[in-house]
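Each remark here refers to the structure printed beneath this line.
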Amino acid sequence: MKKRTLSILLSAILAMGVLAGCGGGSTASNAEPAKEEATEEATEEATEEAASEEGKVLNIYVWNEEFRDRVVEYYPGYEKTDDTHGKIGDVEVVWNVTPNQDNAYQNHLDENLLKQADAAADDKIDMFLVEADYAIKYVDTEYTLPLSDLGITDADLSKQFQYTKDTVTDSNGQLKGISWQGCPGVLIYNREAAKEIFGTDDPDAVQEKVKDWDTFIASAKEVASKGYKMCASPDDYYRVFDFNKENKNVEDGKIVISPAFEKWISISKELYDAGAIGMANLWAEPDWSQGFYPDGKVFCYFGPAWLIDFCMKAEDETSIAAKGGWGATEGPQGFAWGGTWLCAAQGTDNPSLVKDIMLKICTDDEIMKKITVEKNDFVNNKPVMEEMAADENYHSAVLGGQNPLGMFLAGAENISELKITAYDQTFTETIQAAMKDYFQGNLPLDKALDNFYKGVVEKHPELTY
């Protein structure tokens, strides 16, 4: 099967076989005992020998500090030097951080992956992170090592949710990435607003007000009548429709807008015209995050555990999150949003260390339980999540003492078919921007859609519509 590639240039390079001689996988495999009868002593000697032959600089490419913080806090023996440097034993760890917006992270990563085969040992990328929106772009090339080449086995990954493995499995059936988190989503609502508008902040009662999209629309208009916005942006619930779309965003090289997105467009226009939603851009400060504070007057957001823990300003004592003022309920439709996967770069000279970081952060029961307790993250470990969902002592301070893990767990177990392509980040950013002109009455729908198609093709001229 023909592999997807990073770009037209990268496709040509792969076709010429530039990467055919990239090394790294065999070293990791040799660090494992070759036969079952190998003694424990021989195994330890082989591991030590492999480690001694590895590089002294570990280069990790990321778009924010989330994974870095997990490694700093939970990987045994990590010593922090500063925000972009650390030490693991005698290995220097370098964090190369480039923001995700406007493809900046991918462009920077692509540029350096193209240099990987000829890069000096200390400059080689050892590990890089990918999101669901563009994971397949990388895992379906030879720039990523199969986890089996690192010596990671099916048994090591037996507790993980299947969809997290499907997302980073290439067209040849090889697993190319690993994640410590699962990302099923919920509707996150302002408890004080719920009491003011609906007379209760009970999750079951609030769910009755948002149980399907018709009910959601009616409740949004009620919310607006009380001086609130249902959401800060149509981007807030976009991911629900994205996850439930009927087809891939690109099929046979053609851009396709699914009926789910047509429904998102229709609902958003109705809600904006009713004054029930804002029109902020996702992540834009301060407009999008205004609802994280009482004066922002935003009723709800949609997101997974990482949005609750990582994005809702819980560190700011004036925020709703700091006061435990949010609640969570299922919302109109189940969905998942995002996730972060660790990939080993082809050509890494630190395969043993890359493997150990992956296994410690993404499969170790005790570490994953600590991440849940201390960070409220929903981790990629079904038994640990089942234990924590039933734990009466576990609660989310941001959610006012609520334990949302049962909702997240049910959502993760129901995630099956994934409709992902290498173009999803561009599709998402472009349609969200283009449709705002339509929602606000600046352009008719056909013109806004034309701008969307042209915007995607401008970045990916190989596509049609």
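The values are calculated or read from the model by the stated rules, or taken from the named source; none is laboratory data. What you are looking at is a predicted structure, and each value in this text was computed from that prediction instead of being measured. Neighbour counts are summed over all protein chains in view; Cβ atoms, including those assigned to glycine, are modelled from backbone coordinates with ideal geometry.
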| Failed criterion for residue 247 (all others in (1) touching a residue at least 60 places away in the same chain (Cβ under 8 Å); (2) surrounded by 14 or more Cβ atoms within 10 Å (Cβ to Cβ); (3) within 19 Å of residue 333 (Cβ to Cβ) hold) | (2)
| note | Within the stretch 385-413, restricting to residues that are within 20 Å of the chain's Cα centre (by Cα) and among the aliphatic types (A, V, I, L, M), the one that is nearest to residue 186 (Cα to Cα) is 407
| task | Keeping to the stretch 341-386, report how many residues are hydroxyl-bearing (Ser, Thr, Tyr) and without any contact (Cβ under 8 Å) to a residue 60 or more places away in the chain. | result | 1
| task | Please find, within the stretch 169-181, the residue that is nearest to residue 379 (Cα to Cα) out of those that are in contact with a strand residue (DSSP E or B) (Cβ under 7 Å, 6 or more places away or on another chain) and in contact (Cβ under 8 Å) with a residue 60 or more places away in the chain. | result | 181
| Residues of the stretch 317-349 satisfying the condition of being within 24 Å of the chain's Cα centre (by Cα) and surrounded by fewer than 17 Cβ atoms within 10 Å (Cβ to Cβ) | 338
| Among the residues of the stretch 282-333, which ones are touching a Pro at 6+ places or on another chain (Cβ under 7 Å) and within 30 Å of residue 177 (Cβ to Cβ)? | 304, 328
| Any hit, the stretch 110-118, residues being assigned to a loop (DSSP other than H, G, I, E, B), of a type in the set (Gly, Ala, Ser) and either within 30 Å of residue 424 (Cβ to Cβ) or in contact with a Leu (Cβ under 8 Å, 6 or more places away or on another chain) (or both) | no
| request: Kindly list, by first and then second residue, each pair from a residue in the stretch 115-135 that is in contact (Cβ under 8 Å) with a residue 60 or more places away in the chain and of a type in the set (S, T, N, Q) to a residue that is buried (at least 23 other Cβ atoms within 10 Å of the Cβ) and not in a loop (DSSP other than H, G, I, E, B), limited to pairs with Cβ atoms under 7 Å and residues at least 6 apart or on different chains. | output: 116/345
| Would you say residue 188 is assigned to a loop (DSSP other than H, G, I, E, B), closer than 30 Å to residue 342 by Cα, under 24 Å from the mean Cα position of the chain (by Cα) and not aromatic (Phe, Trp, Tyr)? | no
| residue 151 fails exactly one of the following numbered conditions: (1) in the same structural domain as residue 117 (by TED's automatic domain parsing); (2) under 27 Å from residue 330 (Cα atoms); (3) surrounded by fewer than 23 Cβ atoms within 10 Å (Cβ to Cβ). What is the number of that condition? | (2)
| remark: Given the conditions (1) surrounded by fewer than 21 Cβ atoms within 10 Å (Cβ to Cβ); (2) touching a Lys or Arg at 6+ places or on another chain (Cβ under 6 Å), every one holds for residue 402 apart from (2)
| Looking only at the stretch 309-365, which residues are of a type outside the set (Val, Ile, Thr) and part of a strand (DSSP E or B)? | 326, 327, 328, 336, 341, 342, 343, 344, 345
